[in-house]
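> Take a look at the following structure, please.
The values are calculated or read from the model by the stated rules, or taken from the named source; none is laboratory data. Being a predicted model, the structure only gives us computed values, none of them experimental. All Cβ positions, glycine included, derive from the backbone under ideal geometry; neighbour counts span all protein chains shown. Surface areas here come from the heavy atoms of the whole protein model, side chains and all, with no ligands, DNA or RNA. Shrake-Rupley method; radii C 1.70, N 1.55, O 1.52, S 1.80 Å.
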Amino acid sequence: MEPVDDARLYSHRYQVTHLIARGGMAMVYRAQDLLLNRPVALKILYPELSADPLFVERFRREAQAAAKLSHPNIVPVFDWGEDEGTYFIVMELVEGRSLAEVLRDGHVLTASRTAQLAAQVAAALNYAHRNGMVHRDVKPGNILITTDAQVKVTDFGIAQAMSSEDHLTEEGLVMGTATYFSPEQAEGAAVDGRSDVYALGVVMYEMLVGRPPFVGETPLEVSTQHVHGTVTPPTQVNPTVPRDVEAIVMKALSKSPDLRYPTADELRADLLRFVDGQPVHAAAGQGAFFGNDSTQMVQAVTAGERTQAVPVLAGPRTNVKRRRRSPNKGLLIGVALALIIAGAVAYFVSSSQHSLSVMPDLGGQSAAAATAVLTQDGISSTNITTSQVNSAAVAKGLVVSTKPIKGSKVTPSTKITLIVSLGVAIPPVIVPDVTKLTLTNAEATLSAKHLVSIPQAATSSCNATPVPNIVMCQSPLPGKSVKPQSQVILYYLPPGGKFGIPPVAGNSTITATATLASLGLSVKAVPATQCSNTIASGLVQGTIPAVGTQVTAGTSIQLVTSIGGCPTVVPQLTGRLRDTAQRLLQNYGFVVVENPAPSSLCTGAQVDEVVSQSVGRGQLAPYGSTITLQYCQTAGPTGLTGVTGTTGTTGVTGATGVTGVTGATGVTGVTGATGSTTTTTTSTLAPASTGANG
């Protein structure tokens, strides 16, 4: 963690202190919750993304998704909010390290340690799945390990409800981390809890061997390997990995979701079996195969290598006694053998007739029809791929050409690409700015640009004043280049919809009334009044109902104007040092004036001490008003300092003066009388016996 230069305070409550990490959408800070006096993690959306309702909505959904999940292995979310256009999520601060830090520089973990940590991750994922939530971004950076070895899964930023579609991802894009994609996620297909199981399998693989199963120069290259590549068994990279753990990992990494663990809880159970020294289910032969047992792509077999019926070979069998056969029985056996051979030959001939040798002309056919022709001619569907090009001559969705081209020699193992038409190339469209337009005008503007409008009720993600039937914000943002017929979501406030009363503090009553009236709200003629320590007298300091209250058009609003500072009780100031009294008054909101006090009010011990205040202790004074303090600058008058005079000291401490101190004139000498008086006192002292009694 690195200290921050600007310790900003969010929502008057969360004070950032250190930067923890930077992510794809947000930065994570260590902060102090001043209200509850505890450290928290503050996840703040990047400023450039805060202006995009799409990202703000995704960010808000992360807070909602995580807030629904209460589990010991899931980082809890405490709060979500917005401060001056910046959006943030408040989470538990986990003291420890991420798994990514643990695995840095190819560090590997023992099989037992891997199983223990992965079992906790699986427990968190299973809880999320049971609550209808798929994480979709399980990776070491999102797995935190506390100082007492407890796992905490975080970052549900792209989590998706299993029962709903995700409209927050642009067409043709998949959110997530390519290294930990499941094959179905890389293909953009629907995902469920088994996709998280696959991702956890990738994480376990990396924990065991020091690298993920697939690496590449680009995310696309890695994603392609997840779909088509073959996983190298962990033992071939790290021979110390136990076979049982390898079986668990390989089952989790099965290409087909149906071959993986059906739930994260079953994966967790198998991991705990390994930790307890019990046989694991993945090694029982029902999981994914690996090594020499794995399904692999091989060259096409020749006719003699195909499975077919063959005659029974006669051979010397010396361990059995030859039995005598009747002629009729031998004839029947011969006929049966002949029929078997004839069937085998017929099968071979018929299959040879369907073996493709020359690439056919598939131009003008649909991709599905062309694929059916090739598979009927013996080409495996795994060897058939498609690519797309723009074409003015061939209708969209039909085959333009093939690789290899028509007439080329091919075999059943040849890889074939069908090049499919996208139709005539249409230039991209620049999304216009339709905010602040009526919904009808915005839809007409988008239609003229060949874009499809999708009206949607506004959310708190729009940084715009809500006006019924007016577009508040849009997604994609204005100026973005998109394909024709792309969807543009228009966020607006429907007629009769509720919206929050906007802030009008600090405005004049005329300005505030106009602002509220523009929203269809009515304002009462006579405002209420209230004292305020921050708003000048006569200006609006609030509303009734309060700012932010959800209302509908037509609601009656009363303005509250300031009458100046609120009366404040003045504290005790006399007897305090000058600086202390000054700070105390300033904290109460008063203006301080300091003047030296007359010397008659001061003693030698009162230098820099307040001896009077213009407003007495316990009295009320307006906030911001002036209070005058008087303080001592020097010691008191001569009479007071005479106590320490030379002659006075002698008079007090004289041999017989001890008795004389109690006399009337002796008192005068103590209080600063002249030396002559003290001497006179000494000469008129009573006898010793009387003085002693005195």
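> Leaving ligands, DNA and RNA out of it, rank GLU92, GLU48 by accessible area with a 1.4 Å probe, largest first.
Descending order: GLU48, GLU92.
> Hey, with R₀ at 56 Å, roughly what FRET efficiency would LEU35 and ALA269 work out to, going by the Cβ-Cβ distance, to 0.05?
In this case the efficiency is close to 0.85.
> How high is the FRET efficiency from SER413 to ALA372, r the C-beta distance, R0 25 Å, rounded to 0.05?
That pair, SER413 with ALA372, gives E of 0.85.
> Residues of the stretch 464-488 with the amide nitrogen closer than 18 Å to a label point 7 Å from the Cα of LYS498, along Cα-to-Cβ, please.
466-469
> Let me ask you something else. Under the 0.36 nm per residue contour assumption, what length would be gained going from the current alpha-carbon distance of ASP276 and TYR623 to full extension?
117.9 nm
> Another question, if that's okay. Describe numerically, in nm with one decimal, the distance between label points set 7 Å from Cα along Cα→Cβ at ASN469 and at GLN558.
Each label point lies 7 Å from its Cα, and together they span 3.1 nm.
> Report the extension gain between ASP6 and LEU584 in nm, rounded to one decimal, defined as 0.36 nm multiplied by the number of residues separating them, less their alpha carbon distance.
My answer for the length gained is 205.3 nm.
> Oh, and also: Once both labels are modelled 7 Å past Cα along the beta-carbon direction, what's the ASP192-LEU422 spacing in nm?
The two pseudo-label positions are separated by 3.3 nm.
> Shifting gears a bit: Ranked by accessible surface with a 1.4 Å probe, highest first, in what order do THR147, THR515 come?
Largest to smallest exposure gives the sequence THR147, THR515.
> Would you please give the FRET efficiency between SER522 and ALA546, computed as 1/(1 + (r/R0)^6) with r the Cβ-Cβ distance and R0 = 22 Å, to the nearest 0.05?
Calculated value: 0.85.
> Hey, another quick one. Quick check: at a probe of 1.4 Å, how many percent of the accessible area of the stretch 442-571 sits on carbon and sulfur atoms?
Taking all protein chains in place, the stretch 442-571 shows 58 percent carbon and sulfur surface.
> Still on this structure: Give a quick list of trypsin sites (Lys or Arg not before Pro) in the stretch 384-442 that DSSP marks as loop, anything other than H, G, I, E or B, with at most 14 other Cβ atoms within 10 Å.
LYS396, LYS406, LYS415, LYS436
> Let me ask you something else. Roughly how many Å² is the accessible area per residue of the stretch 1-121, as a whole number, for a 1.4 Å probe?
Result: 48 Å² per residue.
> Here's something else I'd like to know. Say a paramagnetic label sat at a point 7 Å from the Cα of ASN390, along Cα to Cβ; which residues of the stretch 483-497 have their backbone N under 16 Å from it?
Output list for this probe position: 483-486.
> Could you give the length gained on full extension between VAL215 and GLU48, defined as 0.36 nm per residue of separation minus the Cα-Cα distance, in nm?
Here the segment from VAL215 to GLU48 would lengthen by 57.0 nm.
> Please give the solvent-accessible surface of ASP433 in Å², to the nearest 10, using a probe radius of 1.4 Å with every protein chain present.
90
> Hey, if we sort PHE274, PHE156 by accessible area with the 1.4 Å probe, largest down, what's the order?
PHE274, PHE156
> Given a 1.4 Å probe and the protein chains all in place, what does the accessible area of LEU601 round to, in Å² to the nearest 10?
The accessible area comes out at roughly 90 Å².
> Additional query: What accessible surface, in Å², does a 1.4 Å probe find on TYR623, ignoring ligands, DNA and RNA and rounding to the nearest 10?
90
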